[in-house]
2 protein chains.
Amino acid sequence: MTPQKIEKDTEGKILEAAKRVFTLKGLDGARMQEIADEAGINKALLHYYFRSKEKLFMTIFRVELNNFFPRLIPILLSDEWTYVQKIRHFVDEYIELFLKNPFLPAFVLREVNRNPQVIAHFIVESDIQSGKLKEVMRVLGKEMGLSSNEVLHLLITTVSACIFPFAGKPIIEQVLFNGNSDEYNQFLQERKTMVADFVICYLKGRQISNGNE
Amino acid sequence: MTPQKIEKDTEGKILEAAKRVFTLKGLDGARMQEIADEAGINKALLHYYFRSKEKLFMTIFRVELNNFFPRLIPILLSDEWTYVQKIRHFVDEYIELFLKNPFLPAFVLREVNRNPQVIAHFIVESDIQSGKLKEVMRVLGKEMGLSSNEVLHLLITTVSACIFPFAGKPIIEQVLFNGNSDEYNQFLQERKTMVADFVICYLKGRQISNGNE
DNA sequence: AAAATTATTAACCATTTGGTTAAAATTTTA
DNA sequence: TAAAATTTTAACCAAATGGTTAATAATTTT
């Protein structure tokens, strides 16, 4: 019962509005007044709760950066799955994340390039440990019969193949699909299996033909 | 003889300075005063030559967007090369371009997402014809034994694998190499052969094992 | 219910910023 | 070389913007 409309508290409304505006327009493009309007409150409240634009932005950015690095490492380290299953799970989860947060890639790339220093700070405070990554390279390398360095490149290629279709949406939609957003979305849907297939077929191709072209 | 220092004309100095500032900071982050300082001229001259910030920006953006879509289609359509050679050439040229213009990917992605409408306009005025792209899919599909749709995904994956390491430099450098930029540059150098190998091995893997995992 | 604390607002402020103007310097033309 | 044109500059302007303040409203505490 009592299905009353739940009034979000002011801080929550601000965070929600700030996320929308910042992810869409970036720190430089966002206006405090716009965030206030979007939240339906007075502009002074933004400063009352978050002191400054910079501080409010950092609050949002910290959360979004953590979303951008989801818990994918456990998947790659699991000993319950074959590497083929790991790849499928990894790509599945990552693309699903971006389907739910389509602006996340462009936002993170924009802000990380605007202020490259900031990422070092967030990396150490977050649970993104590049220590575990070394372990991932080792384990996967063993399973796939690749060197650590080859796994590194393969990982970047896989991540690239997941992220770029979202970060480059306006280009892809316009250049490849003449602005037809249905076709673009269709393309994204296919992406999960396509990317996983790529990686898996690559590994199969390597096992058989070694180096000769 | 006469190795006198060539004084660029004002318009050239402005364009050069505007390119540096805009590509690094974006339209929203750039300041007209900073561009003037960078060019070593009075701010009013920017308006004398280019009317407004927006107009100056568009002049730069038009050029950079064309750089971003280099003449790669002829490579893919050539009938002088096998598809393996085409892939190597394509990846080589594209990564070489970004090694020479490291900020190009981040800049284009940032601005294209800030104002997605603008790309439609530039696409039609430029020589980026998505008509030729259909032809590319068909030709490559035939050569590689793939459907047009599979070629599309393969193309995006290849382009992604070339672009993302540059667009995501701060992330990759920090997360994967603990901020060591020498290691990051080393990684970029290896990238040309790695990406091409990836695509080529994928195709070999497909030819042999069809579907079964 | 009075006092104290917290939340919210309208009005205001200082600075930044894109853009203008009118005069001066330079170059071109006649 | 004088006039006409183009180029360059310093000073200025209006709007936008992040931020503050002081008063008011709402809530919590005593």
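The values are calculated or read from the model by the stated rules, or taken from the named source; none is laboratory data. Please read all numbers here as calculations on a predicted model, not as lab measurements. FYI the Cβ positions are ideal-geometry reconstructions off the backbone, even for glycines, and counts take in every protein chain you see. Heads up: the accessible areas ignore ligands, DNA and RNA and are worked out on the full protein's heavy atoms, side chains in. Shrake-Rupley method; radii C 1.70, N 1.55, O 1.52, S 1.80 Å.
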Rg and Dmax of the protein assembly as shown, using alpha carbons, in Å: what are they? 23.1, 91
So how much accessible area does B:ILE87 have, in Å² to the nearest 10, using a 1.4 Å probe? 10 Å²
Measuring with a 1.4 Å probe in the full set of protein chains, what accessible area per residue, in whole Å², belongs to segment A:90-213? 41 Å²
Principal-axis tilt of helix B:116-125 within chain B, Cα atoms, nearest 10 degrees: 80 degrees
Accessible-area order for A:TYR202, A:TYR83, largest to smallest, probe 1.4 angstrom, reads A:TYR83, A:TYR202
Expected integer from the mean partner chain Cβ neighbour count at 10 Å over B:21-28 is 3
Please compute one quarter of the surface area of the Cα convex hull for segment A:80-145 and express it in square nanometres. 5.9 nm²
Hey, got a sec? Which GluC sites (Glu not before Pro) in segment B:1-89 land in a DSSP loop and have at most 10 other Cβ atoms within 10 Å? B:GLU7, B:GLU80
Between the helical axis of A:83-100 and the dominant principal axis of chain A, each derived from Cα atoms, what acute angle in degrees is found, rounded to the nearest 10? 20 degrees
On average, how much area does the Cα convex hull of segment A:10-62 cover when viewed from any direction, in nm²? 2.9 nm²
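Using helices alone, I'd like the mean residue ellipticity at 222 nm for chain A: each DSSP H run of four-plus residues gives -39500 (n - 2.57), total over residue count, nearest 500.
Calculated at 222 nm, the ellipticity per residue is -24000 deg cm²/dmol.
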Tell me the label-point distance for the pair B:SER148, B:GLN33, using the 7 Å Cα-to-Cβ offset, in nm and rounded to one decimal. 5.5 nm
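Tally up the carbon and sulfur contribution to the accessible surface of the protein assembly as shown as a whole percent, 1.4 Å probe, everything protein left in place.
52 percent
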Dividing the alpha-carbon Rg of segment B:21-142 by 2.2 N^0.38 Å yields what? 1.31
Would you calculate the separation in nanometres between label points at A:GLU135 and A:PHE69, each defined as 7 Å from the Cα along the Cα-to-beta-carbon direction? 1.5 nm
Counting only protein heavy atoms and rolling a 1.4 Å probe, how much accessible area do A and B lose on contact, total for both sides, in Å² to 100? 5200 Å²
Rounded to the nearest 10 Å², what accessible area does B:CYS201 have for a 1.4 Å probe in the complete protein model? 20 Å²
Accessible area in the full protein assembly, largest first, 1.4 Å probe, for B:HIS89, B:HIS121: B:HIS121, B:HIS89
Mind computing the radius of gyration and Dmax over the alpha-carbon atoms of chain A? Å is fine for both. 20.6, 71
Using every alpha carbon pair in segment B:112-212, what percent of pairs falls into each 10 Å bin from 0 up to the bin containing the largest distance? 13, 30, 31, 24, 3
